[in-house]
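Report on one structure; see the data block that follows.
The values are calculated or read from the model by the stated rules, or taken from the named source; none is laboratory data. Since the model is a prediction, treat every value here as computed from it, not as a measurement. Here the Cβ positions follow ideal geometry from the backbone for every residue, glycine too, while neighbour counts run over all protein chains shown. Surface areas here come from the heavy atoms of the whole protein model, side chains and all, with no ligands, DNA or RNA. Shrake-Rupley method; radii C 1.70, N 1.55, O 1.52, S 1.80 Å.
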Amino acid sequence: MQDDFFKYQAQTTPHPLAVEISHAKGSYIYDINGKAYLDFVAGVSANSLGHCNAKVINAVKQQLDLYLHVMVYGEYIQQPAVKLSKLLAQHLPAPLDTTYLVNSGTEAIEGSIKLARRYTGRSEIISAKNAYHGNTLGSLSLMDFEERKKPFYPLLPDIKHLKFNSESDIALITEQTAAVVLETIQGGAGFIEPKNNWLKKVQDRCNAVGALLILDEIQPGIGRTGKLFGFQNYNCKPDIVVTGKGLGGGLPIGAFTASNDMMRTLSDNPKLGHITTFGGNPVIAAAALATLQEITQSNLIKDTLEKEELFRNHLQHSKIKEIRGRGLMLALILDNPDAVSKVILTAQDQGLILFWLLFEPNAVRITPPLTISNEEIISGCKILTAILDTL
Ligand SMILES: Cc1ncc(COP(=O)(O)O)c(C=O)c1O
């Protein structure tokens, strides 16, 4: 299988981790040799309820017996998609009550950019330095990492970048701006939280000049930071909220939610302003609905803050310079990239899954399932600190 993997499946790097998976359950992934790996990454913040959660599996199985794909998005009334959109509306502040379901995070970002341009009649989009919003051409245009962007030029015009948490850069937002797109907590940059009410200041500036605030909650959203949506920690409210990853409970999804008034501009004059074949797919929407129900009806969201405490208490080590982030979105900052790679690769050997962050070479990612137990946290931290002892 290894040879076929490298020969037939397109690769993203020359050195993938290449663990060959047999099955996964709860907080563990098992390889074909029967080795168990405690998962501190959750498919990069996607498996919010762990692996093969019984409620998600049951919802999928029930839907499999009824129907799979029947029609492109938006034409037929399919209960899972309607119920999921309604449940999102019930948990979001007014007027965010109308959701467009798509197939991935980056697609949801693309949809939100189109919506902002269509609604405001403006073209300029402002995003943040070190932002990551996905890899299709529109989302890639929002990134400021020249080395990764340049080979794919030309990208979208009219993009500006401000510095996350910079008060003076807020002045870049003007009457020309259609939207400001920000991750609520910057992920790839190193789990950087907004400081000093910065998001609220950005929101106020957007309101003053008629620009929209789009918050990318694809990673922090759906319970990971002690609130259902990350922005609820920071006294602000977006005009469009974008979700994905953890919403799907292990299946591929993206969603952007706005007011009904705003969203209607995509379906009229001209109609078909945004279309997708598989968006809102009934099996995936059923999985997402079960995931969102479980996260909103259990103690999981509240527990993330206690679990954060547990991680912080068990990760006190001289080799850790700082632990950034909130809830179950934590980044350990080490001395240098070599130490980071050594920790991640040794941990994998010892049955603990950790991972890198995109733009912060000194960070080790810890984003476990929200369902991880206290015992699992403690046993993973023991492995991790023992590896740090050897650095
Ligand atoms: C903050 C953020 N936005 C957007 C995306 C893109 O989502 P997807 O990979 O589902 O297209 C990601 C994925 O890592 C992300 O972390």
(request) Look at region 302-322 and say how many of its residues are open to solvent by less than 30 Å² (accessible area, probe 1.4 Å) and of a type outside the set (Asp, Glu). (result) 5
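Yes/no per residue for (1) out of contact with any Ser or Thr (no Cβ under 8 Å at 6 or more places or on another chain); (2) polar (S, T, N, Q); (3) assigned to a loop (DSSP other than H, G, I, E, B); (4) without any contact (Cβ under 8 Å) to a residue 12 or more places away in the chain:
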| residue | (1), (2), (3), (4) |
| --- | --- |
| Leu272 | yes, no, yes, yes |
| Glu294 | yes, no, no, no |
| Leu305 | yes, no, no, no |
| Ile320 | yes, no, yes, no |
| Ile323 | yes, no, no, no |
| Ile344 | yes, no, no, no |
| Pro361 | yes, no, yes, no |
(message) Please count how many residues of region 346-359 are assigned to a strand (DSSP E or B) and within 24 Å of Asp303 (Cα to Cα).
(response) 3
(request) Within region 16-68, work out how many residues are more than 16 Å from the ligand (Cβ to nearest atom) and either within 19 Å of Pro282 (Cα to Cα) or of a type in the set (S, T, N, Q) (or both). (result) 20
(message) With the requirement that a residue be open to solvent by less than 20 Å² (accessible area, probe 1.4 Å) and among the polar types (S, T, N, Q), what does region 141-165 give you?
(response) Ser141
(request) Would you be able to say whether some residue in region 63-78 is among the aliphatic types (A, V, I, L, M), outside any loop (DSSP other than H, G, I, E, B) and open to solvent by less than 20 Å² (accessible area, probe 1.4 Å)? (result) no
(request) Please go through region 373-388 and pick out each residue that is among the aliphatic types (A, V, I, L, M) and open to solvent by 30 Å² or more (accessible area, probe 1.4 Å). (result) Ile378, Ile383, Ala386
(request) Sort out which residues of region 84-112 are of a type outside the set (Ser, Thr, Tyr), assigned to a helix (DSSP H, G or I) and open to solvent by less than 10 Å² (accessible area, probe 1.4 Å), and write them in order of number. (result) Leu84, Leu88, Ala108, Ile109, Gly111
(request) Six or more apart or on different chains, Cβ under 7 Å: which pairs go from a residue in region 99-112 that's in contact (Cβ under 8 Å) with a residue 40 or more places away in the chain to one that's of a type in the set (D, E, K, R) and within 11 Å of the ligand (Cβ to nearest atom)? Could you list them? (result) Gly105/Lys245; Ile109/Asp216
(request) Please give the strands (runs of 3 or more DSSP E) falling wholly within region 1-61 in which 2 or more residues are in contact (Cβ under 8 Å) with a residue 12 or more places away in the chain and either among the β-branched types (Val, Ile, Thr) or surrounded by fewer than 19 Cβ atoms within 10 Å (Cβ to Cβ) (or both). (result) 21-25, 28-31
(message) Out of everything in region 90-113 that is β-branched (Val, Ile, Thr) and near the ligand (Cβ under 10 Å from one of its atoms), what residue ends up being farthest from the chain's Cα centre (by Cα)?
(response) Val102
(message) Only one of Leu292, Leu334, Leu330 is surrounded by 22 or more Cβ atoms within 10 Å (Cβ to Cβ) and within 30 Å of Gln78 (Cβ to Cβ). Can you tell me which?
(response) Leu292
